[in-house]
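Remarks on the structure that follows.
The values are calculated or read from the model by the stated rules, or taken from the named source; none is laboratory data. Here the structure is a predicted model, which is why all the values come from computation and not from measurement. Here the Cβ positions follow ideal geometry from the backbone for every residue, glycine too, while neighbour counts run over all protein chains shown.
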Amino acid sequence: MDKKADIIDSIIKSSKPEIVSWSDTYATGIELIDNQHMELVKLTNELYMGCMSGKETANAAFKATMSRMVEYVSFHFTTEQKLLELVKYPKYREHKKLHDTLVVNILEAVKEYEKGTKFVPNQFVRTLKDWIFGHIAVFDKGYSLFIREQKKKGLITDGQLSKEQISNIK
């Protein structure tokens, strides 16, 4: 049997089905960003649970959660990009391009769903899961390491990384 199918079956049979589970291994060490990442995980799991609830429920859940996901992803990416500008992250453009690509993928999924394409919710949830695990674990850890190094050198302070400081960046 296919390993992916086994994993998905075990998730479905578990008492609290999740397709993505938050772990401290994904933590950036920046409370604001980690809290937002946890919210993305929560929304992804809501989409997943909706997809597992039967066709009509899945469609309603996908529509409602996708709307929230679009808003939240935009909000999170804006916050994260402000942070990266603030700390003068040298790979800012590459990181922003990754964000832009996910936004395009989200908008394409919404269009496909609105056109009536079958299986969009299920495929999209898996795309989000892969993105969350991959992007946060690899790319966000990259800027997290950069920030830690800058803090050790005294070039960045915890005060600069506060919600208020990041929110004030235009």
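For the stretch 104-111, does any single residue satisfy the condition of being modelled with pLDDT of 85 or more and closer than 30 Å to residue 168 by Cα? Yes, the stretch 104-111 contains a residue that is modelled with pLDDT of 85 or more and closer than 30 Å to residue 168 by Cα.
Taking (1) crowded, with 18+ Cβ neighbours inside 10 Å; (2) under 21 Å from residue 20 (Cβ atoms) in turn, residue 138 satisfies each apart from (1).
The number of residues in the stretch 97-113 being of a type outside the set (A, V, I, L, M), buried (at least 16 other Cβ atoms within 10 Å of the Cβ) and under 29 Å from residue 148 (Cα atoms) comes to 1. For the stretch 118-166, a tally of residues being touching a residue at least 24 places away in the same chain (Cβ under 8 Å) and in a helix (DSSP H, G or I) returns 29.
Would you please name the residue that is modelled with the highest pLDDT, looking only at residues in the stretch 128-170 that are of a type in the set (Ser, Thr, Tyr) and farther than 13 Å from residue 84 by Cβ?
Step one: filter the stretch 128-170 for residues of a type in the set (Ser, Thr, Tyr), giving 143-144, 157, 162, 167.
Then keep just the ones that are farther than 13 Å from residue 84 by Cβ; that gives 157, 162, 167.
On the way: 157: 86, 162: 80, 167: 78.
Checking each candidate, the answer is 157.
Could you tell me whether residue 109 is part of a helix (DSSP H, G or I) and more than 23 Å from residue 66 (Cβ to Cβ)? Taking the combined requirement at face value, the residue does not satisfy it. Looking only at residues in the stretch 83-96 that are of a type in the set (D, E, K, R) and part of a loop (DSSP other than H, G, I, E, B), the one that is surrounded by the fewest Cβ atoms within 10 Å (Cβ to Cβ) is 88.
Residues that are β-branched (Val, Ile, Thr) and crowded, with 19+ Cβ neighbours inside 10 Å were ranked within the stretch 25-40; the one that is nearest to the chain's Cα centre (by Cα) is 33.
State yes or no: is residue 46 acidic (Asp, Glu), over 30 Å from residue 165 (Cβ atoms) and free of Cβ contacts under 8 Å to residues at least 40 places away in the same chain? It is true that residue 46 is acidic (Asp, Glu), over 30 Å from residue 165 (Cβ atoms) and free of Cβ contacts under 8 Å to residues at least 40 places away in the same chain. Screening residue 63 with (1) buried (at least 18 other Cβ atoms within 10 Å of the Cβ); (2) farther than 30 Å from residue 161 by Cβ gives one miss only, at (1).
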